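**Q** Have a look at the structure that comes next, please.
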Amino acid sequence: MGIFKKYFMPNEYVKSIFQIDIAKLAESGVKGIITDLDNTLVGWDVEEPTEEVKAWFQKAKKHGITVTIVSNNNERRVAEFAKPLEVDCIFKARKPRGKAFNRATKQMALQPDEVVVIGDQMLTDVFGGKRRGLFTIMVVPVKQTDGFVTKFNRIIERRLLQHFRKKGYITWEEN
Ligand SMILES: [Mg+2]
């Protein structure tokens with residue numbers, strides 16, 4: 001298996017978190033979700049969880065899945081967002097470093113094979129999760145604008161996607 005595939009190719013790719021079949025995840029033994037915040041749950045400039053996002057968290061809870069928000073953003077942003085959702089969060093996570101993924105898994109008292117990682121970035125969310133051997137689901141960014149570092153990462157991300165497509169690895173439906 002190619003090194004790029006091993007570390008950067010998400011296990012699944014969906015248009016948004018709402019396309020993820022929570023019931024199916026639970027059935028397959030998933031007990032925890034580590035999710036990114038910005039451009040994964042809401043646009044990076046949306047301060048509070050939307051009603052739809054709240055319902056998504058409720059659904060996870062109903063299916064016995066614990067969610068932890070793991071974000072590279074600062075305490076104010078992440079803690080305030082997580083508060084109404086009543087879930088744990090890790091801010092300044094420094095993804096793709098693996099530490100925060102380990103910490104979140106441990107805090108949820110779960111094994112790595114019981115956890116899935118959700119995020120919109122291949123170089124932070126997918127790479128970070130896969131380095132730790134976690135199942136990763138990549139989503140299309142909620143908002144198409146990004147900060148400077150992310151813009152740079154997106155260029156690499158596009159190259160990697162091209163590579164996977166050429167190799168025939170991509171099995172998901174593309175628009
Ligand atoms: Mg993000």
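**Q** Given Val140, Val117, which one is buried (at least 17 other Cβ atoms within 10 Å of the Cβ) and within 12 Å of the ligand (Cβ to nearest atom)? Explain how you work it out, then say what you get.
**A** On the way: Val140 fails: buried (at least 17 other Cβ atoms within 10 Å of the Cβ).
Result of the check over Val140, Val117: Val117.
**Q** Just the residues that are polar (S, T, N, Q) and at pLDDT 95 or above, please, taken from the stretch 100-152. Break it down stepwise before answering.
**A** Start the filter on the stretch 100-152 by keeping residues that are polar (S, T, N, Q), which leaves 102, 105, 107, 111, 121, 124, 136, 144-145, 150.
The answer is Asn102, Thr105, Gln107, Gln111, Gln121, Thr124, Thr136.
**Q** Which ones in the stretch 93-121 are of a type in the set (A, V, I, L, M, F, W, C), assigned to a loop (DSSP other than H, G, I, E, B) and touching a residue at least 60 places away in the same chain (Cβ under 8 Å)? Reasoning before the result, please.
**A** Going residue by residue through the stretch 93-121, those that are of a type in the set (A, V, I, L, M, F, W, C) are 93, 100-101, 104, 108-110, 115-118.
Cutting the leftovers down to assigned to a loop (DSSP other than H, G, I, E, B) gives us 93, 108-110.
Of everything in the stretch 93-121, those that are of a type in the set (A, V, I, L, M, F, W, C), assigned to a loop (DSSP other than H, G, I, E, B) and touching a residue at least 60 places away in the same chain (Cβ under 8 Å) turn out to be Met108, Leu110.
**Q** Which of the residues that make up the stretch 152-175 are of a type in the set (D, E, K, R) and under 18 Å from the mean Cα position of the chain (by Cα)? Show your work before the answer.
**A** Looking only at the stretch 152-175, we keep the residues that are of a type in the set (D, E, K, R), and these are 154, 157-159, 165-167, 173-174.
Within the stretch 152-175, Arg154, Glu157, Arg158 meet the criteria.
**Q** For the subset of the stretch 44-69 comprising residues that are in contact with a Lys or Arg (Cβ under 7 Å, 6 or more places away or on another chain) and buried (at least 17 other Cβ atoms within 10 Å of the Cβ), which member is nearest to Asp146 (Cα to Cα)?
**A** Once the filter is applied, the top-ranked residue is Trp44.
**Q** Same structure, new question: Restricting the stretch 87-107 to residues that are aliphatic (A, V, I, L, M) and crowded, with 20+ Cβ neighbours inside 10 Å, which is nearest to the ligand (Cβ to nearest atom)? Full working, then the answer.
**A** Of the residues in the stretch 87-107, the ones aliphatic (A, V, I, L, M) are 87, 90, 93, 100, 104.
Next cut, crowded, with 20+ Cβ neighbours inside 10 Å only: 90, 93, 100, 104.
Values: Ile90: 14, Ala93: 11, Ala100: 13, Ala104: 15 Å.
Among those residues, the one meeting the criterion is Ala93.
**Q** Scan the stretch 72-85 for residues that are closer than 21 Å to Glu51 by Cβ and either crowded, with 19+ Cβ neighbours inside 10 Å or touching a residue at least 12 places away in the same chain (Cβ under 8 Å) (or both) and jot them down. Break it down into steps so the answer makes sense when it comes.
**A** Start the filter on the stretch 72-85 by keeping residues that are closer than 21 Å to Glu51 by Cβ, which leaves 77-85.
Those that are closer than 21 Å to Glu51 by Cβ and either crowded, with 19+ Cβ neighbours inside 10 Å or touching a residue at least 12 places away in the same chain (Cβ under 8 Å) (or both): Arg77, Val78, Ala79, Glu80, Phe81, Ala82, Pro84, Leu85.
**Q** Starting from residues that are of a type in the set (S, T, N, Q) and touching a Pro at 6+ places or on another chain (Cβ under 7 Å), keep the ones in the stretch 112-153 and report whichever is farthest from Lys99 (Cα to Cα). Show your work before the answer.
**A** Step one: list which residues in the stretch 112-153 are of a type in the set (S, T, N, Q), which gives 121, 124, 136, 144-145, 150, 153.
Restricting the remaining residues to those that are touching a Pro at 6+ places or on another chain (Cβ under 7 Å) gives 124, 136.
On the way: Thr124: 13, Thr136: 16 Å.
Taking the candidates together, the pick is Thr136.
**Q** To continue, here is another question. If the requirement is being in a helix (DSSP H, G or I) and farther than 14 Å from Phe8 by Cβ, which of these qualifies: Thr150, Thr145, Thr171, Thr124? Quick ask: steps written out before the conclusion?
**A** On the way: Thr145 fails: in a helix (DSSP H, G or I); Thr171 fails: in a helix (DSSP H, G or I); Thr124 fails: farther than 14 Å from Phe8 by Cβ.
Testing whether each residue is in a helix (DSSP H, G or I) and farther than 14 Å from Phe8 by Cβ leaves just Thr150.
The values are calculated or read from the model by the stated rules, or taken from the named source; none is laboratory data. Treat the numbers as computed from the prediction; the structure is a model and nothing was measured. We place every Cβ from the backbone using ideal geometry, glycine too, and count neighbours over all the protein chains shown.
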